[in-house]
Amino acid sequence: MSMSDPVGDMLTRIRNAQRARHSVCIAPASKLRENVLGVLKREGFIRGFESEELRPGVAQLRIELKYNEGEPVIKEIHRVSKPGRRVYSKIKELPRVYAGLGISILSTPRGVMSDAEARAANVGGEVLARVF
């Protein structure tokens, strides 16, 4: 059965795994999911991730979650742009998440990047998720 929102599914898996205090989370692999995880790793919200080949053409992502003194580093993780309602933002209209303490993850013409990287590159795009 096909999934209508693969990125939203991955974010929910991360949210549920952190609430259950798991150290590792598993999700099906795709290029977009790997790019989103790359942003989360660069910004320090997860320890890391790796792609594991299950069989030819089918892979999964093994996501290592990060905790600080027993508390999850990710307090909130929400999908903003959904299949039923896409949300795009110009760079000047991109809101700051918790006054700069959190990040927005954007899909831009230059690739998937955080809101700070998008501001530095002066490029807007689709707001995929908000993380704090």
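Structure summary
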quantity	calculated
The chain - percent of accessible surface contributed by carbon and sulfur, probe 1.4 Å	49 percent
Heavy atoms of ILE74: accessible area, 1.4 Å probe, square angstrom to 10	10 Å²
DSSP-loop GluC sites (Glu not before Pro) across the range 16-69, with at most 13 other Cβ within 10 angstrom	GLU69
In Hz, Karplus ³J(HN,Hα) per residue of the range 11-17 (6.51, -1.76, 1.60; θ = phi - 60°; x = Gly, Pro)	5, 5, 4, 5, 4, 5, 5
The range 68-121: trypsin sites (Lys or Arg not before Pro) in DSSP loop, at most 14 other beta carbons within 10 Å	LYS75, ARG86, LYS90, ARG96, ARG110
Ranked order, TYR88, TYR67 - accessible area, probe 1.4 Å, largest first	TYR88, TYR67
Estimated distance in nm for a label pair at SER23 and LYS41, the labels positioned 7 Å out from Cα along Cα-to-Cβ	1.8 nm
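The values are calculated or read from the model by the stated rules, or taken from the named source; none is laboratory data. Everything quoted here is computed from the prediction, not taken from an experiment. Ideal geometry is used to build each Cβ from the backbone, glycine not excepted, and the neighbour counts take in all protein chains shown. Accessible surface areas use protein heavy atoms only, side chains included; no ligands, DNA or RNA. Shrake-Rupley method; radii C 1.70, N 1.55, O 1.52, S 1.80 Å.
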